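Notes follow the structure.
The values are calculated or read from the model by the stated rules, or taken from the named source; none is laboratory data. Quantities reported herein were computed from a predicted structural model and do not represent experimental measurements. A quick note on method: Cβ atoms are made from the backbone with ideal geometry, for glycine too, and the neighbour counts reach across all protein chains shown. Heavy atoms of the whole protein, side chains included, go into the accessibility calculation; ligands, DNA and RNA do not. Shrake-Rupley method; radii C 1.70, N 1.55, O 1.52, S 1.80 Å.
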Amino acid sequence: MQDFAASFLEAFQLVLGFNSGLLEIVWLSLKVSMTAVVVAAIIGLPIGAFLAVSRFPGRGIIIVTVTAMMGLPPVVVGLVVYLLLSNAGVLGPLQLLYTPTAMIIAQTILVVPIIAALARQTLEDLNVEYRDQLKLFGLGSFARLRTLLWEGRYSLMTTLLAGFGRAVAEVGAVIIVGGNINHVTRVMTTTIALETSKGNLALALGLGIVLVVIAFTINALAFLLRAAAERSAYV
Amino acid sequence: MNRKAGLIVGFCMVVSTALTLGGQSAAQDHILLQSTTSTQNSGLYEHLLPLFEKQSGIQVRVVAVGTGQAIKNARNCDGDVLLVHAKAAELAFVEEGSGTVRHDLMYNDFVLVGPATDPAGIKGMMKIGAALEKIARARAAFVSRGDNSGTHKKETALWAATDVDPVGYSGTWYRETGSGMGATLNTASAMDAYALTDRATWISFGNKADHIVLIEGDPDLFNQYGVILVNKERCPNIKDRAGQQFIDWLLSPQGQGAIGRYRLNGEQLFYPNGS
Amino acid sequence: MQSNTRPVLPLIAKGLFVRRKGRVLLDVDSIAIDGSGTTVLVGPNGAGKSLLLKVLSGLRVPDKGQISWNGLAPDRQRYCRFGFVLQNPVMLRRSALSNVEYALRAVGHDKSEAKRRAPIVLEEAGLTSLASASARVLSGGEMQRLALARALAAGPDLLFLDEPTSSLDPASVLAIEAMVKNASRDGMRIVLIAHDLAQAKRVGDEIIFMHRGKIAENVPMEQFFKQPGTPEAEAFIAGKILVPKEQQ
């Protein structure tokens, strides 16, 4: 297929041309998805940590539910957030529909289950090893959880990256609640969807390649960060 | 303590970012246009909107979806102005009180596109109805939007005038994509199928493969675009003054002239007929 | 120094009983730990030595029985002066120095105080050269010394050690034993599970011999070797393997 060759060329031209429009779109993508991941981490990590160390009736059901919600269809999440934020919805007065904030909300909902479920597994495994030692330090459960989170930071970083991957690659939710408005809510994935609908397949693929390169760069940075931390003796 | 402070600072940054990002929507100098996709995909807005924005200082934000979706969004008060192409649905929108007044804005036409090999042999036919019947008889692949959009509504109306009910053949030679115009044309390209599209989208479409326009010029293929201000009485949040200003400009000699001057690949895509 | 710590001793437990899947793991009528000196806990594998220390330290809740630390119920958050070096001590993912700092913070020292004291603790354990090394990549001997130093940093009245020298080289064994003896000389009450009797003789003042979840003997060190009070103890000293009854 000549489309692949053409799209690599497009991708190169996009990057080398340093198109300011592209920069705007990439920047908004990163801003929205990173904010969503940070907010999702603030919500999801404590949920995961709590589920990891606590025992109560119904815990199994909650864990299964949270894990299943990793597979939430973005379009459904987008639709629900749209219905809430719409002027006809309960949160209409906030006037958030078709703003980056709406996109952050939708992506946060998509990412929270991923972070909570993966963190739960990581911390539960870690807790088996650490439980007695942390109890011996005489710490309260809150301080123990904090230590567990810090001890699991490298695994949890991978969890956050998984969440970021989901957020930045997702199109179904942001196109509904963001509206793909030029210069306001247009991100990488919605641009790809738009160019595909215009039949500009090479350009769409080229943008896809740019997206992959960005995701690769972020993961590589995280990897290097960990390597550097390990070198400075904090294994 | 440092880590805790860092966390708090980080959290504040996130919240403030979220607020600034959201805060843009609170500004009064923009309106939201719920629009059909053809006007956006053809590049008309990139030609038109800067002219209006420069003159009025009002930014027009376009949400481009199918006509059916655009009307639904506007009915939910999620838009100040509606610009679509399905006259009956537009009039119903005004009738039910969701919109104020409907204005004709511009027109172009629909075309029937298909593979150059033309398996049903319809090329050169003058009447769209006869061509559709011939496609049905030949069981030649036909791709439909199937998404309640303006183009889909038009296509349904055209079939209704024939003696064929294509939905009965859905899944055989009649394929409903349930997608936008672009996705549907991509499908038609890949399947060597016929499809109905508006001319603006077709001209600007980048993945024509070996598809060409086979039927055009039938008065039944007329494609009228209309513009409506969403009714403030039903939707107190809408910016009726800025929205009306935009509609007035579109209908003014200036706006109409700008529409008529827009060319893509040397072709005129829209013909102003505002009133 | 620390407002939230209270003395642990005397530690008194009565009627401790733990059963898992129909098997009695622990069945101790009474045990009291007070005063000073070093008690060595010996017995065949599966005799319940580790479980006894975990129950006494509040890590495991027994099926039955009462435990009191200085007359009150066990509560690790209030009694910080109670050290325990686990059989497999868990090092936090940070440097050796930070591990000690963490332990100091955990018993209520503020940050600057913890930072001031941690290097001193490391020095006493002869680990100064490893201060900035990652605690999780230390050798077995170094890690065990660090674990002991970390436990000693809190200045405990009572220290439990669960086979602190198993699988260590002779030099590391001597280093650990020296640290234990020093602590004992300074008045710390020590209970240590030993995996060999020679070590028991080197460090212990008193010995507890456990067999099938029960305390079979609790006598001064000398007496245990000269005149063991039970046939099981005699067999154990002679190096005969004691197989649990149901497996015979």
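List the number of the failed condition for residue B:172; all other conditions in (1) under 30 Å from residue B:232 (Cβ atoms); (2) touching a Lys or Arg at 6+ places or on another chain (Cβ under 9 Å); (3) not acidic (Asp, Glu) hold.
(1)
Which residue out of A:179, A:172, A:165 is surrounded by fewer than 24 Cβ atoms within 10 Å (Cβ to Cβ), in contact with a helix residue (DSSP H, G or I) (Cβ under 9 Å, 6 or more places away or on another chain) and touching a residue at least 60 places away in the same chain (Cβ under 8 Å)?
A:172 is the lone residue from the list that is surrounded by fewer than 24 Cβ atoms within 10 Å (Cβ to Cβ), in contact with a helix residue (DSSP H, G or I) (Cβ under 9 Å, 6 or more places away or on another chain) and touching a residue at least 60 places away in the same chain (Cβ under 8 Å).
Identify, by number, the condition in (1) crowded, with 19+ Cβ neighbours inside 10 Å; (2) within 14 Å of chain A (Cβ to nearest Cβ); (3) outside any helix (DSSP H, G or I) that residue B:232 doesn't meet.
Status for residue B:232: all satisfied but (1).
Is there a residue being away from chain A (no Cβ under 14 Å), in a helix (DSSP H, G or I) and open to solvent by 10 Å² or more (accessible area, probe 1.4 Å) anywhere in segment B:113-123? Working first, answer last.
In the first step, residues of segment B:113-123 are kept if they are away from chain A (no Cβ under 14 Å); the result is B:114-123.
From the residues that got through so far, the ones that are in a helix (DSSP H, G or I) too are none.
No, segment B:113-123 contains no residue that is away from chain A (no Cβ under 14 Å), in a helix (DSSP H, G or I) and open to solvent by 10 Å² or more (accessible area, probe 1.4 Å).
Looking at segment A:79-125, which of its residues are of a type in the set (S, T, N, Q), more than 8 Å from chain B (Cβ to nearest Cβ) and buried (at least 24 other Cβ atoms within 10 Å of the Cβ)?
A:107, A:108
Suppose we filter segment A:45-78 for residues that are within 14 Å of chain B (Cβ to nearest Cβ) and either closer than 30 Å to residue B:32 by Cα or out of contact with any helix residue (DSSP H, G or I) (no Cβ under 7 Å at 6 or more places or on another chain) (or both); how many remain?
3
Quick check on segment A:145-162: of everything there that is more than 8 Å from chain C (Cβ to nearest Cβ) and crowded, with 20+ Cβ neighbours inside 10 Å, which residue is nearest to the chain's Cα centre (by Cα)?
In this case the residue turns out to be A:160.
Considering only residues of segment B:182-193 that are touching a Gly at 6+ places or on another chain (Cβ under 8 Å) and either of a type in the set (Phe, Trp, Tyr) or under 16 Å from residue B:150 (Cβ atoms) (or both), which is modelled with the highest pLDDT?
That would be B:185.
Quick check on my filter: what residues within segment C:131-142 are among the aliphatic types (A, V, I, L, M) and either surrounded by fewer than 22 Cβ atoms within 10 Å (Cβ to Cβ) or in a loop (DSSP other than H, G, I, E, B) (or both)?
C:131, C:133, C:137, C:138
In segment B:141-157, what residues are surrounded by 20 or more Cβ atoms within 10 Å (Cβ to Cβ), free of Cβ contacts under 8 Å to residues at least 60 places away in the same chain and part of a loop (DSSP other than H, G, I, E, B)?
Scanning segment B:141-157 gives a single hit, B:141.
Is it fair to say residue C:25 is aliphatic (A, V, I, L, M), touching a residue at least 24 places away in the same chain (Cβ under 8 Å), part of a loop (DSSP other than H, G, I, E, B) and touching a helix residue (DSSP H, G or I) at 6+ places or on another chain (Cβ under 9 Å)?
Taking the combined requirement at face value, the residue does not satisfy it.
Among the residues that make up segment C:144-153, is at least one of them in a loop (DSSP other than H, G, I, E, B) and either open to solvent by 40 Å² or more (accessible area, probe 1.4 Å) or touching a helix residue (DSSP H, G or I) at 6+ places or on another chain (Cβ under 9 Å) (or both)?
no
How many residues, within segment A:1-44, are in contact with a helix residue (DSSP H, G or I) (Cβ under 6 Å, 6 or more places away or on another chain), modelled with pLDDT under 90 and of a type outside the set (Gly, Ala, Ser)?
The number of residues fulfilling the criteria is 4.
Exactly one condition in (1) surrounded by 18 or more Cβ atoms within 10 Å (Cβ to Cβ); (2) in a helix (DSSP H, G or I); (3) touching a helix residue (DSSP H, G or I) at 6+ places or on another chain (Cβ under 7 Å) is false for residue B:207; which is it?
Going through the list (1) surrounded by 18 or more Cβ atoms within 10 Å (Cβ to Cβ); (2) in a helix (DSSP H, G or I); (3) touching a helix residue (DSSP H, G or I) at 6+ places or on another chain (Cβ under 7 Å), residue B:207 breaks only (2).
Just checking, does segment C:112-128 include any residue being of a type outside the set (Phe, Trp, Tyr), surrounded by fewer than 14 Cβ atoms within 10 Å (Cβ to Cβ) and within 14 Å of chain A (Cβ to nearest Cβ)?
no
Considering segment B:71-102 alone, what residues qualify as being in contact with a Ser or Thr (Cβ under 6 Å, 6 or more places away or on another chain) and in contact (Cβ under 8 Å) with a residue 24 or more places away in the chain?
Hits for segment B:71-102 are B:78, B:83, B:84, B:85, B:86.
In segment B:54-84, which residues are open to solvent by less than 10 Å² (accessible area, probe 1.4 Å), part of a loop (DSSP other than H, G, I, E, B) and not charged (D, E, K, R)?
B:79
Let me confirm something: among B:193, B:209, which residue is among the hydrophobic types (A, V, I, L, M, F, W, C) and within 13 Å of another protein chain (Cβ to nearest Cβ)?
Selected residue: B:209, the only one of B:193, B:209 that is among the hydrophobic types (A, V, I, L, M, F, W, C) and within 13 Å of another protein chain (Cβ to nearest Cβ).
Evaluate the following for residue A:192: is it over 20 Å from residue A:115 (Cα atoms), of a type outside the set (Phe, Trp, Tyr), open to solvent by 30 Å² or more (accessible area, probe 1.4 Å) and within 14 Å of chain B (Cβ to nearest Cβ)?
Here the answer is yes, as residue A:192 does meet what is asked.
What about residue C:30, is it in a strand (DSSP E or B) and open to solvent by 60 Å² or more (accessible area, probe 1.4 Å)?
On the way: in a strand (DSSP E or B): yes; open to solvent by 60 Å² or more (accessible area, probe 1.4 Å): yes.
The answer is yes for residue C:30.
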